[in-house]
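First up is the structure itself, then whatever we jot down about it.
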Amino acid sequence: MNEAVTETLSVVVEREIAYPPEKIWRALTQPHLIEEWLMKNDFAPVVGHRFDLRADWGGVSCEVLQIEPGKTLSYTWSAAGLDSIVTWTLTPSDTGTQLRMEQTGFRPDQQQAYYGAKAGWPRFLENLEQILARID
């Protein structure tokens, strides 16, 4: 008997970042900053807004699901048969912000996408930290 429910995998990257949540939030939600650490985009911080992320290798179709300014940002991430959800959580800490990125929804047969995300997100977050160091 085949179960209809399939276990999905998640990629989680957590970083302690020495900047306040408001500053990180700007880098997560302002299109010109998103472009610098992630991809070209037409993002708007509005629930229900559909946007695309564009790179040399192709693109990602997204839709904003949840926004709690300075705290939570969640959007769909659909590319090459992958339907997933990316959720950013910002928690103030003694030294700045605990930033958590979770991408959920990888099916067991999507190993390539899963391992790509596992390798890619830490690099994106390194880029993000470099942008934060540059902006006021």
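Have a look at GLU7, GLU16 and point out the one that is touching a residue at least 40 places away in the same chain (Cβ under 8 Å) and in a loop (DSSP other than H, G, I, E, B).
Checking each option against the conditions leaves just GLU7.
For region 67-97, which residues satisfy the criterion of being within 14 Å of the chain's Cα centre (by Cα) and of a type in the set (A, V, I, L, M, F, W, C)?
Listed by number, the residues that qualify are ILE67, LEU73, TRP77, ALA79, ILE85, VAL86, TRP88, LEU90.
Regarding ALA119, is this residue under 16 Å from GLU14 (Cα atoms), without any contact (Cβ under 8 Å) to a residue 40 or more places away in the chain and under 14 Å from the mean Cα position of the chain (by Cα)?
In short, yes.
Out of region 98-112, which residues are farther than 28 Å from GLU22 by Cα and among the polar types (S, T, N, Q)?
GLN110, GLN111, GLN112 - these are the residues of region 98-112 that are farther than 28 Å from GLU22 by Cα and among the polar types (S, T, N, Q).
Please go through region 34-50 and pick out each residue that is under 24 Å from ALA113 (Cα atoms) and touching a residue at least 24 places away in the same chain (Cβ under 8 Å).
GLU36, TRP37, LEU38
Find the strands (runs of 3 or more DSSP E) located wholly in region 29-113 whose residues include 3 or more that are modelled with pLDDT under 95, in contact with a strand residue (DSSP E or B) (Cβ under 6 Å, 6 or more places away or on another chain) and surrounded by fewer than 17 Cβ atoms within 10 Å (Cβ to Cβ), and list them.
Once the strands (runs of 3 or more DSSP E) in region 29-113 are filtered for at least 3 residues that are modelled with pLDDT under 95, in contact with a strand residue (DSSP E or B) (Cβ under 6 Å, 6 or more places away or on another chain) and surrounded by fewer than 17 Cβ atoms within 10 Å (Cβ to Cβ), nothing remains.
The values are calculated or read from the model by the stated rules, or taken from the named source; none is laboratory data. From a predicted model like this one, the values you see are computed outputs, not experimental measurements. Quick reminder, even Gly has a Cβ in these numbers, built from the backbone with ideal geometry, and neighbours come from all protein chains shown.
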